[in-house]
Every structure is written in structure tokens, then in C-alpha cells.
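For reference, the structure discussed in these notes is given below.
The values are calculated or read from the model by the stated rules, or taken from the named source; none is laboratory data. What you see is a predicted model; the values in this text were computed from it and never measured. Glycine also receives a Cβ, built like all others from the backbone with ideal geometry; neighbour counts cover every protein chain displayed.
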2 protein chains.
Amino acid sequence: MITAAVVLIGDEVLSGRTKDANLNYIANKCQEKGIVVQECRVVPDKEEMIIEAVLALSAKNTYVFTTGGIGSTHDDITQESIAKAFNKPLVVHLEALKILEDYYGDRINEARRRMARAAEGAVLHEKMVFQVQNVFILAGIPTVMQGMLDAILPKLEHDDPILSITVKAYVYENELADELALIQQSVSDVSIGSYPFDETGTVKGTNLVARSRDPKRLAIAQQLLQALVDSKAS
Amino acid sequence: MITAAVVLIGDEVLSGRTKDANLNYIANKCQEKGIVVQECRVVPDKEEMIIEAVLALSAKNTYVFTTGGIGSTHDDITQESIAKAFNKPLVVHLEALKILEDYYGDRINEARRRMARAAEGAVLHEKMVFQVQNVFILAGIPTVMQGMLDAILPKLEHDDPILSITVKAYVYENELADELALIQQSVSDVSIGSYPFDETGTVKGTNLVARSRDPKRLAIAQQLLQALVDSKAS
């Protein structure tokens with residue numbers, strides 16, 4: 001199984017100032033590529049917390065994507081933290097520096113040069129994505145992050161996409177729970193989830209979601225779920 | 001320092017099917033109460049991952065809030081996972097059962113009774129919030145979660161609220177980075193962050209955010225930041 005984890009770096013999400021938009025984009029793109037996102041951690045701009053999250057998740061997953069903390073200001077400490085995590089010095093990546101100098105021309109300055117620094121041995125991909133071991137270092141700004149992710153995804157290992165179907169039930173999930181557990185047992189290779197929804201401010205029903213790489217098994221699960229829902233509607 | 005961590009439990013966020021709305025609400029409410037949210041983890045409906053996240057974060061924080069996985073269906077395993085995490089048996093909480101029986105009347109069933117189960121010794125608060133050690137177990141549906149959190153927040157330890165101000169700069173952050181680092185050094189007790197923003201699809205400027213419990217120190221930081229931005233505008 002090809003797996004990924006996400007580390008969202010930045011005080012602004014944990015303080016409530018901004019809502020993260022990056023996890024959802026990464027999760028959907030991985031799903032299409034058959035990569036299972038196993039965990040996400042949101043950590044502040046604190047070196048020891050970035051190091052802990054990156055090391056723990058790098059050891060357990062095929063890939064790690066970090067977002068945030070790669071700008072030019074004092075609170076951008078992702079590159080140095082990841083270098084420390086892997087016991088590498090932080091060095092100027094000459095190819096990255098050349099790209100920045102060509103882009104900024106006369107407007108190059110110390111702050112902009114900082115963005116050419118990465119862990120020694122880091123691989124530079126398109127769109128200025130640095131890779132350190134199995135960790136891909138992406139921007140925090142969603143539009144920029146999306147371009148970076150899209151640039152590297154074709155280079156990653158992939159698997160059959162994870163498909164999903166949804167059967168909508170206008171009954172509470174606890175009216176379905178017992179039969180649903182039986183259906184899950186009968187198609188144990190399909191992952192079935194139950195998600196109450198709330199369309200008018202009160203809980204009004206349940207989305208039954210089945211997920212599998214195998215379209216045939218998914219079709220069987222869909223029939224069973226639909227039959228369950230139909231039986232409750234009558 | 002009073003700290004909190006958040007564990008969002010559920011495959012649906014990691015698969016990209018839904019966008020989480022709970023972290024932002026919890027973060028803002030904690031901020032008002034002076035509680036520092038240090039970390040958030042998003043984990044799937046897998047017992048060993050729920051246990052790992054809850055134990056790690058419970059040991060490091062004053063409070064942990066979990067959301068999701070407390071419904072009546074087979075994929076709702078939060079209560080049993082948290083009981084296992086703390087080596088407690090999962091038992092029927094009699095007071096919770098009575099509340100459910102009174103509420104559902106004739107419509108009580110096995111699935112609904114499951115929602116009265118919690119770790120032995122769990123404390124039951126209003127709105128059916130269970131507390132196990134320093135862990136508060138909340139629903140995943142945002143409207144329900146919000147009611148539960150609002151019910152327990154007044155009972156928690158609190159501190160002076162964490163205040164913040166934002167100075168908006170219509171220049172790129174790397175034009176400000178050097179002076180910004182100096183400002184951060186001169187008011188080292190105030191936390192200053194720099195967040196590029198993007199109003200028309202391209203990065204157009206930078207929000208400079210200062211955060212502190214001390215309104216006087218915050219006012220000084222605001223003056224310094226405003227002076228920096230004004231100097232760039234001229």
C-alpha cells in the first residue's frame with residue numbers, strides 16, 4: 001500500500017485565524033492516485049514540533065507532504081527544521097539560487113536568497129519543490145501549494161485509484177446501524193462509513209459511503225446499501 | 001500555560017470527502033479563553049491510531065478534544081479506543097443510558113443504547129459530553145460539536161485571552177522580511193507572523209499578525225508594524 005501523511009505547519013491554523021484548505025486538496029489528489037492518506041498533523045511554527053511530526057510520519061509512510069513555513073520571513077522555519085530532523089546542514093542549493101536570481105533580477109535580496117536554502121542533499125523538483133528523503137516541502141498559500149503538488153504527483157508511485165460511492169438515506173444512522181454492520185461484514189474488503197448530514201440545521205439523514213479500489217466489489221456494496229435504504233423508506 | 005490539542009477522528013477528512021470545520025471553531029473558542037492549541041491530529045477510524053494520538057497528546061496538554069466517531073454505527077469506535085488507551089473497560093454509563101431512554105422513549109434500540117457506553121469512570125457533562133482523564137469526547141457533526149464544546153468550556157481552566165492585531169501590507173513579504181525580524185527581536189514577548197495573501201489569484205501582499213495576552217505590548221508591536229508598512233508604501 002502506498003501511503004502519505006500531511007504536516008500543516010503554521011500558527012495561523014491553530015490560533016483559528018485561518019481555516020486550512022490544503023489537506024482537502026492533497027487528500028483528493030492522493031485518492032485519485034491510489035495513495036492512502038493515513039494521518040495529518042497541524043503543528044505551530046516551532047522547530048521541535050515540526051521535527052517530531054516529520055520524523056514520526058516519514059518513518060511510517062511512503063511520502064510526507066508539508067505545507068507552510070517556506071517564505072522569507074523570520075517565522076518561516078520549515079527548511080531548517082527538516083534539515084535538523086534528518087541531521088543535515090542547511091545549505092544554499094545552487095540551482096535553486098540561480099532560479100531565484102534569474103526570476104528576481106535586480107530585486108534579489110537577502111530575504112529572497114533565504115528561499116534557496118534546504119537540507120544538504122535535497123532534491124529540487126519543478127516549481128521549487130524541495131524533497132528531503134521522502135518528504136516534499138510545499139508552500140502554505142493554497143494556490144501555490146496546488147501548483148507544486150500537481151507538479152510532483154506524476155513522479156510519485158501510484159496505485160489503482162480509490163473509488164467511492166454514496167447512498168443517501170433520509171433516516172437517522174441509528175435506525176440503520178445494525179443492518180449496516182452486517183453489510184460491512186459481508187463485504188469486509190470494502191470500507192463502509194456512515195456520515196450523518198445536516199441540511200437545515202438539524203440532523204436529517206445519513207450518507208452511507210463505500211470505498212474500494214475494485215469497481216465490482218463497490219457495485220455489490222452499493223446494491224446492498226441501496227436495498228437497506230429502500231427497506232427503511234417503505 | 002493552559003494548552004489543548006485536538007484529535008479529529010474520521011476517514012472522511014483524510015479521504016478528501018469532507019472538509020473539516022471543527023478545528024477552526026475549537027481554535028477560536030480556545031483563543032478567547034486563553035487556552036493555547038498546540039497541535040491537531042487527523043486520524044482515520046482505526047483503533048491503534050486513535051489510541052496513539054490520544055495518549056501522546058493527553059500526556060503533553062492540559063486538555064484534549066476529540067471530534068467524531070461517537071455515533072451508533074460500526075465505524076464509530078472513539079469511545080472504545082479511548083477506553084483502551086487508558087486501560088479501562090468500556091461500560092454502560094447508567095446516567096447516560098437514562099438520558100437516552102428518556103429522550104428516545106419507545107424508539108430506543110440497541111444502536112442507540114451503544115451511545116451510552118464509555119470508559120469506566122468517565123465523567124458525564126451536559127450535552128452528553130464524556131470526559132476520560134483530560135480528554136473531552138465531542139461529536140463530529142459541526143453543529144452538534146459546537147453545542148457540546150460551548151457547554152463544557154466554562155468548566156475549564158482559563159487564562160487571559162490571547163489577543164491579536166493584523167496590519168495589512170500591499171507588498172510582498174520578502175520586501176519586509178529583514179525589518180520584520182528586527183521588530184520581532186525588539187518585542188520578543190509578542191508573537192509575530194507573516195501571512196502572504198492572495199486576493200485576485202496572485203499573491204498581492206502580506207498580513208502581519210501580532211499576538212499577545214498583553215494589550216500594551218500588542219499596541220507597541222502594532223505601531224512598529226504600521227511604521228514598517230508605511231515606510232514601504234511611500
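Here B:S188 passes the criteria (1) in contact (Cβ under 8 Å) with a residue 12 or more places away in the chain; (2) loosely packed, with under 14 Cβ neighbours inside 10 Å; (3) more than 21 Å from the chain's Cα centre (by Cα) except the one numbered (1). The residues of segment A:132-146 that are surrounded by fewer than 23 Cβ atoms within 10 Å (Cβ to Cβ) and within 14 Å of A:K84 (Cα to Cα) amount to a single one, A:Q133. Looking across segment B:109-131, the residues that are buried (at least 16 other Cβ atoms within 10 Å of the Cβ) and either within 11 Å of another protein chain (Cβ to nearest Cβ) or of a type in the set (S, T, N, Q) (or both) come down to B:A111, B:R112, B:R113, B:R114, B:M115, B:Q131. Being outside any helix (DSSP H, G or I), surrounded by fewer than 22 Cβ atoms within 10 Å (Cβ to Cβ) and not acidic (D, E), is that true of even one residue in segment B:93-107? There is no residue in segment B:93-107 that is outside any helix (DSSP H, G or I), surrounded by fewer than 22 Cβ atoms within 10 Å (Cβ to Cβ) and not acidic (D, E).
Scanning segment A:39-52 for residues that are closer than 13 Å to B:R41 by Cβ and crowded, with 21+ Cβ neighbours inside 10 Å turns up A:E39, A:C40, A:R41, A:V42, A:V43. Answer with yes or no whether B:L153 is crowded, with 19+ Cβ neighbours inside 10 Å and either in contact (Cβ under 8 Å) with a residue 40 or more places away in the chain or assigned to a loop (DSSP other than H, G, I, E, B) (or both). It is false that B:L153 is crowded, with 19+ Cβ neighbours inside 10 Å and either in contact (Cβ under 8 Å) with a residue 40 or more places away in the chain or assigned to a loop (DSSP other than H, G, I, E, B) (or both).
Between A:A221, A:A139, A:A177, the distinction of being in the same structural domain as A:D75 (by TED's automatic domain parsing) and either of a type outside the set (S, T, Y) or in contact with a Pro (Cβ under 9 Å, 6 or more places away or on another chain) (or both) belongs to A:A139 only. Of all residue pairs spaced 6 or more apart or on separate chains, those with beta-carbon atoms under 7 Å, a first member in segment A:162-185 that is surrounded by fewer than 18 Cβ atoms within 10 Å (Cβ to Cβ) and a second member that is in a helix (DSSP H, G or I) and of a type in the set (S, T, N, Q) are A:I165/A:Q222. Filtered by the rule that a residue be within 14 Å of another protein chain (Cβ to nearest Cβ) and part of a loop (DSSP other than H, G, I, E, B), segment A:69-86 gives A:G69, A:I70, A:G71, A:S72, A:T73, A:H74, A:D75, A:D76, A:I77.
Annotation note: of B:Q38, B:Q79, the sole residue that is over 21 Å from B:T143 (Cβ atoms) and polar (S, T, N, Q) is B:Q38. Residue-level check: of (1) without any contact (Cβ under 8 Å) to a residue 12 or more places away in the chain; (2) within 17 Å of A:E32 (Cβ to Cβ); (3) over 23 Å from the mean Cα position of the chain (by Cα), A:P215 misses just (1).
Taken together, A:A27, A:A83, A:A53 contain a single residue that is within 21 Å of B:C30 (Cβ to Cβ) and assigned by TED's automatic domain parsing to the domain that holds A:R112, which is A:A53. Picking from residues in segment A:1-51 that are among the aliphatic types (A, V, I, L, M) and in a helix (DSSP H, G or I), the one that is farthest from the other protein chains (Cβ to nearest Cβ) is A:I51.
Among the candidates A:N61, A:N22, the residue that is over 27 Å from B:I26 (Cα atoms) and surrounded by 19 or more Cβ atoms within 10 Å (Cβ to Cβ) is uniquely A:N61. Only residues that are in contact with a strand residue (DSSP E or B) (Cβ under 6 Å, 6 or more places away or on another chain) and either within 23 Å of B:A181 (Cβ to Cβ) or not in a strand (DSSP E or B) (or both) were counted in segment A:108-124, giving 6. Remark: pairs (first residue in segment B:100-120, in contact (Cβ under 8 Å) with a residue 40 or more places away in the chain and under 14 Å from B:H74 (Cα atoms); second residue surrounded by 11 or more Cβ atoms within 10 Å (Cβ to Cβ) and small (G, A, S); Cβ separation under 8 Å; 6+ apart in sequence or on different chains) = B:R112/B:S72; B:R114/A:A177; B:R114/B:S72; B:M115/B:G71; B:M115/B:S72; B:M115/B:A96.
When segment A:165-175 is filtered for residues that are touching a Ser or Thr at 6+ places or on another chain (Cβ under 8 Å) and either facing another protein chain (nearest Cβ under 7 Å) or assigned to a helix (DSSP H, G or I) (or both), the ones remaining, listed by number, are A:E173, A:N174.
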